[in-house]
Amino acid sequence: MYAPADMFAHLGSTIGGLMFVWAIFQQYFPYQLRSHIEKYSQRLVGYVYPYIQITFNEFTGERLMRSEAYSAIENYLSSRSSTQAKRLKGDIKNNQSLVLSMDDHEEVADEFKGVQVWWASGKNISKSQTFSYIPINDEKRYYKLTFHKRKRDLIIGPYLAHVLKEGNAIKVRNRQRKLYTNNGSHWSHVVFEHPATFQTLAMEPEKKKDIIEDLMAFSKAEEFYARIGRAWKRGYLLYGPPGTGKSTMIAAMANLLGYDLYDLELTAVKDNTELRKLLIETSSKSIIVIEDIDCSLDLTGQRRKRKERVDDEEEKDPREKVPKEERESKPSQVTLSGLLNFIDGLWSACRGERLIVFTTNHVEKLDAALIRKGRMDKHIELSYCNFESFKVLARNYLKLESHSLFPTICDLLGEISMTPADVAEHLMPKTLSGDVEICLQNLIQALENEKEKKSSTEVEAKDQDKESSDKI
Ligand SMILES: Nc1ncnc2c1ncn2[C@@H]1O[C@H](COP(=O)(O)OP(=O)(O)OP(=O)(O)O)[C@@H](O)[C@H]1O
Ligand SMILES: [Mg+2]
């Protein structure tokens, strides 16, 4: 279908003639008479031509800033252009993907609630001529929207709002995402390019599906959160032993939602004021991550009695990530209440959607206030590798769906606790040929070694028990 503008194309030659007459007319007729005739001729055209046109220029304002509306329309039209337009322009955006848009003087049709509209692209070439050896680009591009005047309200209101919203959403999806880290009270960033996805994450399929659905529902729930009067935020607590995929899952979340990541190192934050400043600076559509919350600061025991804390220190697991002395020597004065205030108060006042994710190896040591529902809405346990998780790893690492050695591995994983990180390490091909059989045998060997170790420690423990009961 062609734009109605085309149906009037044959009038071109007539218009050419009319323009000549108009030029003579402008020279010889007085201004007032001219403006009267202009007014009536436009009305006349209005009766004959039942369409409205709106032009969106690429550059606007005195300083010729790139128009946001133009770039949103460009994004919106990119998918329609690639299927409808005959002449396309290709460009690589963000060093990664090829983006196609319609070339100048192309046209595509669109439909909204049963109403047809037409988008045409064009360019004006500036008349100001400058002499230079380097060609100066004086082209001013625009998009022109044409629609029937009876549909004016629908198109100017809901349709254009829809185009801008969709266009901006496409821009967000295609943008280069960033990983921010704080150095004291300043954020610095690098391009975030972690390849983890939920497909490559080893985890029970049911659990994975539940998390994906939760995240997607959150990302689309702007109206819901507004209606119930809650800030558009959600807290996730990921807990489990080292190497079970907590950090990997955060990267997968960012990739799924297309959000930026803010990796907040609490030990580098001086006090609550600095914490507040950092958090206010975070942008919408982001995930704020505090890894190993239990050892980031002494946030775990502040609401408990001092005695309990002393007991805790005595029991401390030697493998815990930050020793007590080191933690005490940190100058940070961020407190548990500072962090809670931030989650409940100030942060909630920031516009836009944000996820906050805490990770820990010791969920039992965290203050209940920190992880109660409403602050950390979803608690996710990442655990040792079971057979379901193993199958995901085998698919990723070895492109294997099944194998005669799978039942042996299934039995062993039922008995032995091995983290997905350790299983993955054994599935990593060690030779160029990447022999699948060798990888699986390596894994079985490692699991059997673990099994032997486990049974010999059990025997030792039994012997000790026996010895001590004999002495009694
Ligand atoms: N569930 C998993 N699915 C896929 N790969 C995993 C999984 N768990 C661990 N891995 C692999 O092991 C490596 C370590 O995992 P990751 O850093 O996510 O663990 P973690 O739970 O964050 O550990 P820590 O508590 O020490 O921070 C990753 O690079 C990843 O390749
Ligand atoms: Mg981690």
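Tabulated results
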| quantity | calculated |
| --- | --- |
| The range 388-472: trypsin sites (Lys or Arg not before Pro) falling in loop per DSSP and having at most 13 other Cβ within 10 Å | Lys399, Lys430 |
| Where GluC sites (Glu not before Pro) fall in DSSP loop in the range 175-231, at most 16 other Cβ within 10 Å | Glu193 |
| Stokes-Einstein D in µm²/s, Kirkwood radius over Cα pairs - the range 387-471 at 20 °C with 1.002 mPa s viscosity | 150 |
| Surrounding net charge for Gln441, when Lys and Arg each add one and Asp and Glu each subtract one, Cβ distance under 11 Å | -3 |
| Proxy reagent accessibility, fewest Cβ within 10 Å first, across Val289, Val392 | Val392, Val289 |
| Extended-chain gain in nm, criterion 0.36 nm per residue less alpha-carbon gap, Ala421 and Asp104 | 108.9 nm |
| Lysine pair number, Cα distance threshold 28 Å (strictly under), the range 387-471, separation 8 or more or different chains | 19 |
| Taking Trp118, Trp187 and counting other C-beta atoms within 10 Å, the order from fewest to most | Trp187, Trp118 |
| Simple spin-label estimate for Arg43 and Ala226 in nanometres, 7 Å along Cα-Cβ | 4.2 |
| Projected label distance in nm at His36 and Glu364, using a 7 Å step from Cα toward the beta-carbon | 9.6 |
| Subset of Lys207/Lys373; Lys209/Lys378; Lys171/Lys209; Lys149/Lys220 violating a 22 Å alpha-carbon distance limit | Lys171/Lys209; Lys149/Lys220 |
| Per-residue Cβ neighbour rank within 10 angstrom, fewest leading, Glu401, Glu38 | Glu401, Glu38 |
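FYI, it's all coordinate maths here, none of it is from the lab. This one's a predicted model, so the numbers in the text were calculated from it and none came from an experiment. Glycine also receives a Cβ, built like all others from the backbone with ideal geometry; neighbour counts cover every protein chain displayed.
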